[in-house]
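Just below is one structure, and these are the notes that go with it.
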Amino acid sequence: MNSEAPFEVAIVGGALVGAAAARALAGARIALISRERRSASHAPGFDSRVYALSPGNAAFLAQLGAWNAIPAERKAPVHAMRVYGDDGESLIEFDAYRTGCAELAWIVEDRQLQEALWRGLEGQAGLALFTGSSVQDLHIAADRASLRLEDGRKLDAMLVVGADGAQSLVRRRAGIPSAEQPYGQTAVVANFACTRPHRNVAYQWFQGGSKGGAVLALLPLPGDHASMVWSTTAAQAARLLALDAAALAREVAAAAHHVLGELSPVTPPRGFPLQRLAAGRLAAPRIALAGDAAHVIHPLAGQGANLGLQDARALAGVLAGREPGRDPGELRLLRRYERSRAEAILAMGATVHGLYRLFDARGTGLARLRNAGLNLADRLPVLKNLLMRHAMG
């Protein structure tokens, strides 16, 4: 045990959720532990990994001072979304104007967002950065948690926030069980220039059980550019990743029915294996989980990052609102955070997994049912608005 006074909070993981939590806890004595130190790269090209952020989370990032730190020319609003069934005819459309909102979402590159968050961490009062190393061991005692890093550094904290991803060491050391299920799919991501303007419309095609429940999405980027997320079988993903750039662009354009015209590659493709994960609890004595350490969902709804940012916002709110002098690692306090997030996480996880299973299923009867369901939902404005409001955070 260290002789120094423990930090109020130690955040393990310096990616999107961990960095946002550190910014949201400004004013507290906190430690942020990250293997990498994100700094401005001034890279001119697009990052192939992007997020579809809800307006609610964009507002949260604006409160943190991170949203305006992202150049306007690197953010693209989504004004409408068109989702097609696997019969080539079924369609549900979402429109921001009809909902009375400026946009349904914002498309932002991973690199741009993380750099914006980290720029605000520089010089943050009360913040100690532990970069270049990760946590090797974690011991939880009655009055504090003790962490040992791979490089030998040690620190104590009243509360440890596990924002260290799906393979979370914090979750394992806290003894929190998790249910994990591989989807047998890989998300292939890449960015393209397009010959037709996207007009800030996002497109998505369910490709049905005959193609392993594949889902193709094209998301608007600034200018006449689009970001592709193609979630497909591991074998199909391997084939796509092995194509030369021009051949991949032709295949994506054909699968998207040339809605954006011809495509030209601007980033090399990358692949991310997909799985579902649900931690049994979000809180344990001196432990809180956030982001992928707590939940991982299929990317077909683009809500993974949104759930993680909502975790950071909710946890910071609970800690900021606690009674003066109250221990931030007290389990009864942390259960406030857990309860505040339970419904949203369960609902989004069940909805996304249900959609995946529905469009993964084979059989003519099921195909008719799911495609009829899309058309029916499109004709029910109340249901469409409910879906949009929930997704927009």
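The values are calculated or read from the model by the stated rules, or taken from the named source; none is laboratory data. Keep in mind the model is a prediction, meaning the values are calculated, not measured. Using ideal geometry, Cβ is built from the backbone for each residue, glycine included, and neighbour counts are taken over all protein chains shown. We work out accessible area using only protein heavy atoms, side chains counted, and drop any ligands, DNA or RNA first. Shrake-Rupley method; radii C 1.70, N 1.55, O 1.52, S 1.80 Å.
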Practice prompt. Say whether the condition of being open to solvent by 30 Å² or more (accessible area, probe 1.4 Å), under 19 Å from the mean Cα position of the chain (by Cα) and within 21 Å of residue 222 (Cα to Cα) is met by at least one residue in region 84-102.
Written response: no
Worksheet, complete the sentence: Going through region 239-278 in order, the residues found to be under 21 Å from the mean Cα position of the chain (by Cα) and among the β-branched types (Val, Ile, Thr) are 267
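The rows are residues; the columns are (1) within 24 Å of residue 140 (Cβ to Cβ); (2) touching a Ser or Thr at 6+ places or on another chain (Cβ under 6 Å); (3) modelled with pLDDT of 95 or more; (4) among the polar types (S, T, N, Q).
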site: 280; (1), (2), (3), (4): yes, no, yes, no
site: 283; (1), (2), (3), (4): yes, no, yes, no
site: 286; (1), (2), (3), (4): yes, no, yes, no
site: 291; (1), (2), (3), (4): yes, no, yes, no
site: 298; (1), (2), (3), (4): no, no, no, no
site: 301; (1), (2), (3), (4): no, no, no, no
site: 310; (1), (2), (3), (4): no, no, yes, yes
site: 313; (1), (2), (3), (4): no, no, yes, no
site: 328; (1), (2), (3), (4): yes, no, yes, no
Discussion item. Tell me yes or no: at least one residue of region 298-321 is outside any helix (DSSP H, G or I) and among the charged types (D, E, K, R).
Written reply: no
Practice prompt. From (1) open to solvent by less than 30 Å² (accessible area, probe 1.4 Å); (2) among the acidic types (Asp, Glu); (3) out of contact with any helix residue (DSSP H, G or I) (no Cβ under 8 Å at 6 or more places or on another chain), pick out the condition that doesn't hold for residue 109.
Written response: (3)
Item to complete: May I ask you to verify whether residue 169 is farther than 30 Å from residue 35 by Cβ and in contact (Cβ under 8 Å) with a residue 40 or more places away in the chain?
Response: no
Item to complete: Keeping to region 37-67, report how many residues are over 16 Å from residue 102 (Cβ atoms), polar (S, T, N, Q) and modelled with pLDDT of 95 or more.
Response: 1
Response to the item:
Going through region 248-281 in order, the residues found to be open to solvent by less than 20 Å² (accessible area, probe 1.4 Å) and in a helix (DSSP H, G or I) are 248, 249, 252, 253
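For the condition surrounded by fewer than 16 Cβ atoms within 10 Å (Cβ to Cβ) and within 23 Å of the chain's Cα centre (by Cα), what is the one hit in 150, 180?
Details: 150 fails: within 23 Å of the chain's Cα centre (by Cα).
Going through 150, 180 in turn, the sole match is 180.
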Discussion item. For region 71-79, check the following and say yes or no: at least one residue is surrounded by fewer than 19 Cβ atoms within 10 Å (Cβ to Cβ) and part of a loop (DSSP other than H, G, I, E, B).
Written reply: yes
Discussion item. Every residue in region 152-190 that is of a type in the set (D, E, K, R) and closer than 25 Å to residue 353 by Cβ, please.
Written reply: 164, 171, 172, 180
Worksheet item: Just a yes or no: is a residue in region 86-106 closer than 17 Å to residue 301 by Cα, touching a Ser or Thr at 6+ places or on another chain (Cβ under 9 Å) and not in a loop (DSSP other than H, G, I, E, B)?
Response: yes
Worksheet entry | Test for residue 150: is it among the acidic types (Asp, Glu) and under 29 Å from residue 55 (Cα atoms) | no
